[in-house]
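Below is one structure, written out as C-alpha cells, with a few remarks after it.
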Number of protein chains: 2
Amino acid sequence: MNKRILTYSFPIIVLLSLVSCTQAKPKSEGNKEHPLLILRKNDVPEIQKGIKNFPLLHASFEEAKEIADKAIESGIIVPFPKDPGGGYSHEKHKQNYIDMYNAGLVYQITKEDKYAIFVRDMLLEYQKMYPGLGLHPMRKNQSPGKLFWQGLNESVWLVYTIQAYDCVYDFISPENRKLIEDNLFRKMVNFFTVEDNYTFNRLHNHGTWSVAGVGMTGMVLGDSLMIKEALYSTKLDGSGGFLRQIDELFSPDGYYAEGPYYQRYAIMPFMLFAQAIQNNLPDLKIFDYRDSVLAKSVNMVLQLTNTDGRFYPINDAIKEKTWITPEMVYATNIIYAQTGDKNLLFAAEKQGEVMISSEGLKLAKSIAENPVPEFVRKSMIIHDGKDGKEGGLALLRLGKAENQSSVLFKFATQGMGHGHFDRLEFIMYDKGREIIPDYGSARFLNVVAKEGGRYLDENNSWSKQTVAHNTLVLDEKSDFNGKLDKAEAHSPDLIFSDLENSKLQIVSASDSNCYPDAVLNRTLAFFELDGRRYLVDLFNVKNKNISRYDLPVYFNGELIDFNFPYNRLTDYQILGKGNGYQHLIVDAKASDLPSTARISWMNGKGFYTLSSLTDPGTEFNIVRLGANDPKYNLRDQYGMMLRFPKMKDAKFLNVYEIHGNYNPSSESVLQSEGSVKNMELIQGLDDKVLINIELKDGRFIKLLLDLNYKNSSSNEIQYNEKSFSWSGNYKLLIEN
Amino acid sequence: MNKRILTYSFPIIVLLSLVSCTQAKPKSEGNKEHPLLILRKNDVPEIQKGIKNFPLLHASFEEAKEIADKAIESGIIVPFPKDPGGGYSHEKHKQNYIDMYNAGLVYQITKEDKYAIFVRDMLLEYQKMYPGLGLHPMRKNQSPGKLFWQGLNESVWLVYTIQAYDCVYDFISPENRKLIEDNLFRKMVNFFTVEDNYTFNRLHNHGTWSVAGVGMTGMVLGDSLMIKEALYSTKLDGSGGFLRQIDELFSPDGYYAEGPYYQRYAIMPFMLFAQAIQNNLPDLKIFDYRDSVLAKSVNMVLQLTNTDGRFYPINDAIKEKTWITPEMVYATNIIYAQTGDKNLLFAAEKQGEVMISSEGLKLAKSIAENPVPEFVRKSMIIHDGKDGKEGGLALLRLGKAENQSSVLFKFATQGMGHGHFDRLEFIMYDKGREIIPDYGSARFLNVVAKEGGRYLDENNSWSKQTVAHNTLVLDEKSDFNGKLDKAEAHSPDLIFSDLENSKLQIVSASDSNCYPDAVLNRTLAFFELDGRRYLVDLFNVKNKNISRYDLPVYFNGELIDFNFPYNRLTDYQILGKGNGYQHLIVDAKASDLPSTARISWMNGKGFYTLSSLTDPGTEFNIVRLGANDPKYNLRDQYGMMLRFPKMKDAKFLNVYEIHGNYNPSSESVLQSEGSVKNMELIQGLDDKVLINIELKDGRFIKLLLDLNYKNSSSNEIQYNEKSFSWSGNYKLLIEN
C-alpha cells in the first residue's frame, strides 16, 4: 500500500491542507520558524511583556525558570533504563523531560544560551543511547517502552521533549539536529509506528499520547508522513489516529468513555496536539471539529468534579486527583484562548499557573484584569457513547459552592479496560466530602513497594466488581459475570429525567443486560425540604429467575445511631467466596429489622441517615474491607449491606437523608437525627407506585411514579381510600 | 466567719482597690456607666468609626447584626429545661445567650431600640421561669445546672448573658432591672455560690467559668461581695477563686494543666473576666499578674497547634478543634490589645472575626494597616506544674509552615480528671497531618445519639489507658494502674534537652512512679539529613521486676512495605483482657523478625518508616480498634504493636523516618522507601550508649548518648575497635 494515498474520506479542505503541507516541506527540513508547535516565535515578545504585567504568567515563568536553573545546576544525567515506575531511572527520565521542557521555554523568553545548551546536550546524550536500547527490562504489559517500562511513558516523554526541541531548534547546529533527529526522534517514532504500533493505532488514551507525540514530531521535523499517520493511523485510512479518536472516545456532550480520571489524563495530548494542529494546519479547524467537542470535553471534565475540585472517582481512578494538575492547565488555557468561556477562569485561577504561550498570556491577562466568576457546578444529564445514545451519567446537585450536595448516578458504557462493573451505581458527596463513596482503583500510583505503582491484583478482584459499588448485586455475581467483552457490548438506557423542576431532580435508568433474564431499573429523586436533603432511591427489578439481592451502601464516617438491635461479631466471617465478596468481612449483623430500618452516621460537619424499607426476611450487615488481602493492598472501607430474601420481581426502596450540622468551633449541633419515621411502598395497577414517607414531625412526603414510564397524561393510584392522580412520570407531594 | 474580712494575703494594692470599689458602690446599684464589662460606653464612638473603616470589624459587626436580626425575627422562646446536650431545650438556651449577646452588642453600636427590647424581653421571660426551676431533669454529673444538665453550661450562659444585660442596662427601667437582677442573676449567683458551690471553688476550668460569670455579674450589679467571692472563693480566703486559679492552673510558661483542648476552652473565661477586671479594677493589674502569665498562656496555646491550626489532642480532646474558635478570638484580641504582640496577628486573621470592643478595634486596625507576619511554630520545652517543675512537654519541630514536621513529647502532669495515663508518649505530625496520632477522647460532642454528646464509657476503658498511647506499657497495665489520685501525685522529670543545636533537637525525660519499682526513661532526637527527617527514640528502663514490654505505635495511613514476613489473621483475636487491651483486635502477626524490622506507610503526600531493633523473642502485631465496642463508639484506628519478651532492665531503640513525596498532581513520587538498612545499639561502660544506624547509601548515623546523664566532659565508648568520645549528654556523627 502506498502510504501517500489517503483512503479515508475526510472533508476536502483537510486533504488540501495536508497536501499543501506535504508538498511545501521537504522531509526533515522545516521551512517554518521555530518554535512553531505551541509557543510560537512571533508570540514571544508579547509574552515577555505579559510576564512583567500579569501575576499568573509571571509566577509560571518564575517556576519554569527555577526548574530549569535547578536542572542546569544538577547537570545532565541520562541513566540506562533499568527501574520500574517510581524507581530511579524511571523518575529520572520523567524529570529530564520536565527539565528540558522548562529549559526550552525559558530559553525562548530569556534567549540565554545556557538553557538551549542544556536541552541540546541532554538530547545529544539521549541520541547516543537510544538506538542501542531494546525493550525495557522491567516491561510488564503488552506495550512496553524502551526508556520506560510502559510505552505510554515514552509517548509522554516525546510530547514534552519535542516541544523542548522545538524551542531550541534554531540554536542547534544542523549537524547536531541531524544526530538528534535521526538517532532519537525518528527512531522513537519508528518504534511507535512500525516496531510496535498496536498502541499508536488504538482508540484509547495511550493511543492519543502516541499520536500526539508523533504528530508534533512530524511538525517540528517537517515530516508530513508522521503528521498523516498521527491523524489517520499508520494505515492512513482513518481506522485510527487523532481524528478517529476524537470521533470515538468522546460522546457528543464531551464525555470521555473511560471516565473523568482518564479524561483528565487524555485531555493533555488532545489539547496539545489540537493546538499544534491549529497553529500548523489551521484549515483543519480542529477546535470546530465534531461540533467543538474538544471544548465541550473540557467543560465536561470540570463539571465532573466535586466542590473540592476532585474528580468523581468512577472507574479506575486515583482519588486524590483534582482539577489542579498540569494536564488541566493545558485544558483551561487552550480552550479559554479558543472560546473566551469565562466558566474556565475559576479553575484556572485555582490552578495558579498558566502555560508560557499566547494561551497562558490571554488567561493570565483576563484573570489579572477582571473578577473571576465562581464556577457553578450544575445538575445535568451526560450522554455517553459516540452518538450520545449509550446511557450516561446524571449529576444531581442541590445547594451552592461549599454547601453543595451532589449525587452522581452512573448508567454509562463500560468505559473499556479501566471500566468497572458498576451499572446503576450512585455516589454521594456533601459539604466537600465523599459520603457514599466509590472505591476508585486499587493502586498506589508510582509507589515502588506496591508493585511499582501499577494496578494491583485487587483492582480486578475487588475494585471492578459490582459488589464494590453502591448498586444491586444479584446472586453474588458481578454484572456480565465480570466479562469485559460482554459489558462493552451493552449499555444501560436513560428512561426519563427531569432536572428542571425546582422542587426535585429525578432520573431513571435501566439495564437489561447486566444480569441474564433480568431488567434492573433504578430511579433517583433528589430534593430539599426545610434544610434537609432527601435522595429517594427505588430499584424496580423484573426478573425471570429467582435471585438473591444484595444492596451495598458504602459510607465514610462514624456510625452513630440505629433503630434496631444488631450484633457486632466476635468471630471472623467473610461475606462470600468470590466476585469481590471474598474481600468483605462481616463486622455486624442484624436480622430482626423494623419495616423501616434506619441507620445514621456522621462525617465532618454533616449527618446522614439511610432509611430502608425491609421485608421480614431482610438481613442487614455492616461489612468492612480487608479479607483475603494479605499485603494490605486495600484501604479500609466500611459499608452497609442490605441482603434481601430470594425472589423474582422486586422493588427496593431506600431514602438517604443529608441533615444537620456539627460545628466543632462553636460546638453547636443541629438536627443530628434523621427525620424519617416510616416508609411505605404502595403498588398500584400497571406498575404505578406511591412512595409514602412519614416524617417524625407528622408530615408526609409522597412521591408518585409511573414505573411503566409511559409518560401518560393520567396516572392514578389508590391509597388509604384516597385517589392520587398525576400526569407524566412523577409527582411529589408534601402533606401536612 | 465575716465574709467582709479578707484573710488571704494579697498585695496591699489589691486590697485597697477592692475596698475602694466596695465602698464606692452601694449594693445593687452601679454608679458607673454601662456597658462597663468588656465593651465600654466611652469606646463606642471609635468602634462605630472602626466598623466603617476596618474589614474585620465590619464583617464581625455584620455577623452580629445578622444573628441579632434573625433572633428578633424568630421571636422569644424560653423553653422549660428538659433535654440533654444536643437536645432542643439545651441548644435553644445556648442559642438564646448567643442571640442576647449579639443583640446587646448591636444595640450599643446602632442604638436601635429593637435590639435592647429583645434582650430585655427575653431576660424578663427567664426571670419568670428561673426561680421555679429545680435541678435539671437530665442531670448526670456531680455539678448539675438548672437551665442545663451541667452546671458548666449554666456558667457559660451567665458569662454571655451578663454582657448582654450590661449592654442594655441603661435601656431597661429600674423596675424591670430589679425583676431581672433579683429573680434571675442573683438567683443564679446564689445557685453557684451557695446552693452548690463545689464547682465555684474548684481549681478547674469549670470553676473559672463559674467565677467569671459571678464576678462579671458583680461588676454589672455593683455587688462587691460577688466580685470578692469570684476573686477569692466563697470563703474569701483565696483557697479558690480567680487569682488562685491563675496561680495553680497555669505553669509559669503559661501551660494549662489539662492540656491545649481545655486550655482553649478555659481561656475564654480567663480572658473575659481578666478584661472586665482590667476595666473595672485596674489597680489589680491583672494582666501583669504572675509575670503576665495570661498573655503567656495565649501564646502557649497557639504554639500547641499543628500547622493546620488544630490543637494537639493530648488528654481528653475533640480532634477537630482549631484556633479558629470563639474562645480563641477573645484570647488573641484581648492579649493583642494588652501587648501589641504581632505573633498573635496570624491566628487572628485566620479567625476572620474580632470582638466588637476596643480590643477588636485595635486588632482589626492593625491587620487592615500592616502586613501580617506568618506565625512561627517553634521548638520548645514547656514546663508544667505551678512552679514549672513538674515535667512538661517538648515540641520538636523541623521545617517551616506547610512543610513542618512536629513531634510532641509528653512528660507532663496528669492534668486532672481529663488527663490520660500517657506518660512519655509522643505524637508526630507532618505536612499538616497527624501521622502518629493520639486518639483524643471517646466522645461525639453534642451528638444526641451518642449519650447526648458526653464522654462515653470508652473514654475510660480505652482513651485514657496507657496502651492507647504511643508509649511503653509494662505487663499490660496502665500507668499508676489507671488510678487518678496516684497519677496526680507524681510527674515525670525532664532529664536534659537541647533544642538550640541546629543539627538536631534532643529531649530526655524519665518517670519513676508510673510503674512500681521501675524507672522509664525516653530520649527523642529529631534531625534532618538530605531531606529525610529522623526521630531516634530510645527507651531505657531500669526495672527491679521482670516485666513484659509492649510498645504501641499508632499510625494513620496505608501500610505499604514490610521487610519481614507476616500473617494477616483470619480469625478473631483480641489482644488482651483489660486496661484498653480488650478493645484491640489483632489484625496481623509476625514473630520471625530481622534484627532491624522495618515497616513503611504512606499518608497524603508523605512516606513514613519505622525501623525497630528487635530481640529474637520480639513479636510484631498490627492491631486495630473495635473489640468490645458493641455500639461503634470507637473510631477506626490501626497501630503497630511491638511486643518484647519478658526482662528486667531493657533498652528499646526505634527510628521513625519522614521521607519522600507523593505528588498526585504531577504523579511524581520520590524517596518512597525508608533509608535505614540496619541498626545497632552498643552499650558501653556506665550506661554509655552508641546508636549506630547504617543507611542504604552506605553512610552511618551515630548517636552517642550518656544515659547516666552526668553531662560529664569526657564520655567514651568502644565500637569496632574504635574509640568514640564526646562531652555532655550526646553527640551526633554522620559517617560516609
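We did not get these values from a lab; they are worked out from the coordinates using the rules stated. Please read these numbers as outputs of a predicted model, since none were measured by experiment. Reconstructed Cβ throughout: ideal geometry from the backbone, glycine too, with neighbour counts over all protein chains shown.
Provide a whole-number value for the mean count of partner chain Cβ atoms within 10 Å of the Cβ atoms in peptide A:669-677.
On the way: counts 12, 4, 2, 9, 5, 1, 0, 0, 0.
If you average over the peptide's residues, the count of other-chain Cβ atoms is 4.
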**Prompt:** So what is Rg over Rh here for the stretch A:259-382, counting just Cα atoms and using Kirkwood for Rh?
**Reply:** 0.95
**Asked** For the Cα atoms of chain A, what angle does the longest principal axis make with the long axis of helix A:260-280, in degrees from 0 to 90, nearest 10?
**Response** 30
**Prompt:** How big is D, in µm² s⁻¹, for the stretch A:399-443 by Stokes-Einstein at 25 °C and 0.890 mPa s if Rh is the Kirkwood radius over C-alpha pairs?
**Reply:** 207
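Give the dimensionless ratio obtained when the Cα radius of gyration of the stretch B:380-674 is divided by 2.2 N^0.38 Å. Spell out each step's value before the answer.
Working: Rg = 18.7 Å, N = 295, 2.2 N^0.38 = 19.1 Å.
Scaled against compact globular proteins, the figure is 0.98.
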**Prompt:** With respect to the cross-link table entries A:K94/A:K128; A:K49/B:K350; A:K577/A:K648; A:K605/B:K65; A:K70/B:K378; B:K483/B:K646, which display a Cα-Cα separation exceeding 28 Å?
**Reply:** A:K49/B:K350; A:K70/B:K378
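Throw me the Rg/Rh for the stretch B:12-369, computed over C-alpha atoms with Kirkwood Rh, two decimals.
On the way: Rg = 19.0 Å, Rh = 20.3 Å.
Here the Rg-to-Rh quotient is 0.93.
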**Asked** For B:G399, which inter-copy label distances result when the label point lies 7 Å beyond Cα on the Cα-to-Cβ vector, reported in nm to one decimal and in ascending order?
**Response** 3.3
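If you rank A:T208, B:T570, A:T234 by fewest surrounding Cβ atoms within 10 Å, what's the result? Numbers along the way, then the final one.
Values: A:T208 27, B:T570 11, A:T234 21.
Starting with the residue having the fewest Cβ neighbours, the order is B:T570, A:T234, A:T208.
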**Inter-chain shielding of B:557-564 (mean C-beta neighbours from other protein chains, 10 Å cut-off)** = 4
**Asked** Relative contact order, percent, of the stretch A:380-655 when contacts are C-alpha pairs under 8 Å separated by at least 6 residues?
**Response** 16
**Prompt:** Got a sec to turn the phi values of the stretch B:632-649 into Karplus ³J(HN,Hα) couplings, 6.51 cos²θ - 1.76 cosθ + 1.60 with θ = phi - 60°, whole Hz, x for Gly and Pro?
**Reply:** 6, 7, 9, 6, 5, 7, 9, x, 9, 10, 8, 10, 8, x, 5, 7, 8, 5
**Rg [Å, one decimal], Dmax [Å, integer] - the stretch B:675-736, C-alpha atoms** = 11.6, 35
**Item:** Long-range Cα-Cα pairs in the stretch A:508-551 (distance over 16 Å), rounded percent
**Value:** 49
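Per residue, how much space in cubic angstrom lies within the convex hull of the C-alpha atoms of the stretch A:36-196? Numbers along the way, then the final one.
Details: hull volume 18.1 nm³, N = 161.
It comes to 112 Å³ per residue, whole-number rounded.
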**Message:** Quick check: Cα centre of the stretch B:273-339 to Cα centre of the stretch B:191-252, how many Å?
**Reply:** 19
**Fill in**
With -39,500 (n - 2.57) per DSSP H segment of 4 or more residues and division by the full residue count of the protein assembly as shown, the 222 nm estimate, nearest 500 deg cm²/dmol, is -9500 deg cm²/dmol
**Request:** Output the Cα-based Rg and Dmax of the protein assembly as shown in Å, rounding Rg to one decimal and Dmax to a whole number.
**Result:** 35.0, 116
**Asked** Over all directions, what mean area does the Cα convex hull of the stretch A:138-187 project, stated in square nanometres?
**Response** 3.6
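So which of B:K235/B:K450; A:K321/B:K400; B:K410/B:K710 end up more than 28 Å apart, counting from Cα to Cα?
Details: B:K235/B:K450 39 Å; A:K321/B:K400 25 Å; B:K410/B:K710 23 Å.
In this structure, B:K235/B:K450 exceed 28 Å between Cα atoms.
Fewest first, what order do A:S713, B:S358, A:S478 take by the number of other Cβ atoms within 10 Å?
So the residues, fewest neighbours to most, are A:S713, B:S358, A:S478.
Averaged over peptide B:623-636, how many Cβ atoms belonging to another chain are found within 10 Å of each residue's Cβ?
The mean count of partner-chain Cβ atoms within 10 Å per residue comes to 3.
For the stretch A:627-708, what value does the Rg/Rh ratio take when both radii are computed over Cα atoms and Rh is the Kirkwood radius, given to two decimals? Display every interim value, and only then the final one.
On the way: Rg = 19.2 Å, Rh = 17.0 Å.
Over the Cα atoms of the stretch A:627-708, Rg/Rh equals 1.13.
Normalised by the residues of chain A, what does the relative contact order come to in percent, with Cα pairs under 8 Å and at least six apart? All intermediate terms of the calculation are to be shown ahead of the outcome.
On the way: 1647 pairs, mean separation 60.2, N = 736.
About 8 percent, as a whole number.
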**Request:** Please work out the C-alpha center-to-center distance from the stretch B:502-561 to the stretch B:621-683 and express it in whole Å.
**Result:** 13
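How many percent of Cα pairs in the stretch A:204-304 exceed 23 Å? Before the final figure, lay out each step's value.
Numbers: 905 of 5050 pairs.
Pairs farther apart than 23 Å: 18 percent.
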**Summed residue charge, Cβ within 9 Å of A:M219's Cβ, Lys/Arg positive, Asp/Glu negative** = -1
**Message:** Beyond 35 Å, how much of the Cα-Cα pair distribution for chain A remains, as a whole percent?
**Reply:** 49
**Message:** To confirm my reading of the symmetry, which residue of chain A has the Cβ nearest the axis that brings A onto B, and what whole-Å distance does it have?
**Reply:** A:Y572, 2
**Square roots of five times the Cα gyration tensor eigenvalues for the stretch B:325-444, Å** = 30, 18, 15
**Request:** For B:N501, go 7 angstrom from Cα along the Cα-to-Cβ vector, then report the distances to that same point in the other copies in nm, smallest first.
**Result:** 7.2
**Prompt:** If you put a point 7 Å past Cα along the Cβ direction, how far is that point for A:D69 from the same point in each other copy, in nm, smallest first?
**Reply:** 5.1
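Can you put B:K65, A:K140 in order, fewest other beta carbons within 10 Å first?
Working: B:K65 20, A:K140 13.
Starting with the residue having the fewest Cβ neighbours, the order is A:K140, B:K65.
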**Complete:** Note on the stretch B:12-369: contact order normalised by length, alpha-carbon pairs under 8 Å, 6 or more apart, percent, works out to 19
